[in-house]
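Structure first, then comments.
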Amino acid sequence: MTAFAHARVVVPRPVSTPLTTTVAPVDYDSAIVARLRDSHGEPCFPQTFSWLLRRQHSDGTWGADRLHAHDRLVSTLAAIRCLHEARVAPAAVDRALQTIPRLIAHLGEDNNETVGFEVIAPHLLDWCHAAGLPLPTLHLLNGRKQADATDELRAPSMLLLAERQRRTARIAHGITGTIVFSLEGLDTVPPEASRLIAPRGSLLASPSATAAYLDRYPATPQSWAYLAWLAQQNDGGIPAVHPLDSFVSSWSCLYLDLSGQGRSRLAWRLRARAIRSWTAHGASYSDEFPIPNADDTAVNFLIQRNAGLTPDPQVFEPFLTPNGARCYAHEHDMSASANVHVLLALRAAPATPQRDAWIASMLRYLTQVVRQRADGLLADKWHLSPIYTTSHAMLATYGLDEQLWTQLRDALLQAQEPDGAWGAEGGSAEEVAYGLHALCLTDPVRSAAAIRAGAGALRRLRHQPPPSLWIGKSLYLPYQVVARAITAAEILVAAGA
């Protein structure tokens, strides 16, 4: 981004990342894959059971380290199912069953649900009921707890009623589009899903969806090889998505651009790899997920503009509405980060009346969303931390909407902890990096004290285990992108020192 160009500085030693997959293994996909059996009824991935049992939290749940009820619920239910079917660790299953009512009761506290939750959660609850598992008594109708200790638990369709209704409506529209990404939450696997199997074996880059397909159509050798390779890379653990090639390349390149490293050999390699994923309809996060989205389209568009290329801004037309940008054409709720990134991309496009109208619609949307939170931060459906979206929104509104940018800057400064960190539970290097990006690139003088404090927090948190903050079907961690974001923050701090 030429508006934020910096002099070339010495690059710090990169954050270490595993030399395996680009996404950390997660409990949810691991549990779904662990269910697969061979023709003799033996588990195909026995090492995944050991990996999964090591991951159970002290409170009996499974899921990411940061508590997010939607993530914990689907992860725990998936683990219960696979362990119970295999007759493995019954004591662990019993402990997990006791947590389900509590997790359901806390769903309303999450800012956003996980992907496909309305399809996956009712499906797993129905399985528990059909298996006769003794779920503790709790009734929830439309998110409201109804205590009645004398009643026995009815069919889980009584739980998460609103989600079940959404599930029915989505399935009624046909097994097409993004719902196939959550294939494991459907009651049937249509044979036409075979056309979505990529040459490397994945179904839409989702290990759990691939496992669901193999469970119904096992004569798919490339998909077995795909899952076997993933399990081998992480000692039995399965990542939330693989491959994540387009996303990793474009977002890593963006952070190099932001930190003044856009002309490096690495940046050109990443840029070229990302551009290979570009189509006339935009970009997806993976070459094996053929449906473009506004978020990845925007970042890919932006890194092309940063290199002097001229992609057509009309690629955004299907995503734009008078009320802002949609990430996918048929999503039921808009994404703040998609609006932020499309806004950032369109600022780099030539001015036209249509472009200006699109920018105005996204500014109206973001202004409205900011007003909905008491802390003035921007929450988002794709990332657990509001620091991520708020930071990127500061970059997108800087020099464009002074009032909105000031509100976001003030909210970001207010959210910084006394020790300089950003984020819940003591913060993380990833969240601190986002805060530093925004302040170093848009307010380096007035926010100098906050930047110094943040730099200290980044040094302290840099080598701590990173939390999973990205929202998919469960919370996940894209190692390489997070590592690039952290390194970019260090470069920006060093450049301003």
Filter region 20-63 for residues that are among the polar types (S, T, N, Q) and in contact with a helix residue (DSSP H, G or I) (Cβ under 8 Å, 6 or more places away or on another chain); which is surrounded by the most Cβ atoms within 10 Å (Cβ to Cβ)?
-> SER30
How many residues are of a type in the set (A, V, I, L, M, F, W, C) and under 23 Å from ALA307 (Cβ atoms) if we restrict to region 345-399?
-> 9
In the set ASP287, ASP235, which member is over 28 Å from PHE319 (Cβ atoms), part of a loop (DSSP other than H, G, I, E, B) and not β-branched (Val, Ile, Thr)?
-> ASP235
Output yes when any residue across region 258-266 is among the polar types (S, T, N, Q) and in a helix (DSSP H, G or I), and no when none is.
-> no
ALA240: passes all of (1) in contact with a Gly (Cβ under 7 Å, 6 or more places away or on another chain); (2) over 25 Å from VAL74 (Cα atoms); (3) of a type in the set (Gly, Ala, Ser); (4) in contact (Cβ under 8 Å) with a residue 60 or more places away in the chain but (2)
Only one of VAL93, VAL119, VAL74, VAL88 that is β-branched (Val, Ile, Thr), over 24 Å from the mean Cα position of the chain (by Cα) and not in a loop (DSSP other than H, G, I, E, B) = VAL93
Candidate set from region 187-221 (those that are closer than 22 Å to ARG167 by Cβ, in a loop (DSSP other than H, G, I, E, B) and not polar (S, T, N, Q)); member that is nearest to the chain's Cα centre (by Cα) = LEU204
What number goes with the only condition from (1) surrounded by 20 or more Cβ atoms within 10 Å (Cβ to Cβ); (2) hydrophobic (A, V, I, L, M, F, W, C); (3) in contact (Cβ under 8 Å) with a residue 24 or more places away in the chain that ILE275 does not pass?
-> (1)
Within region 381-406, which residues are in contact with a strand residue (DSSP E or B) (Cβ under 8 Å, 6 or more places away or on another chain) and within 22 Å of LEU302 (Cα to Cα)?
-> LYS381, TRP382, HIS383, THR389
Given SER50, SER39, which one is more than 24 Å from ALA205 (Cβ to Cβ) and assigned to a helix (DSSP H, G or I)?
-> SER50
Residue that is surrounded by the most Cβ atoms within 10 Å (Cβ to Cβ), among those in region 200-256 that are more than 24 Å from TRP51 (Cβ to Cβ) and of a type in the set (A, V, I, L, M) | LEU254
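A short reminder: the numbers here are calculations on the coordinates, not readings from a lab. What you see is a predicted model; the values in this text were computed from it and never measured. Cβ atoms come from the backbone with ideal geometry, glycine included; neighbour counts cover every protein chain shown.
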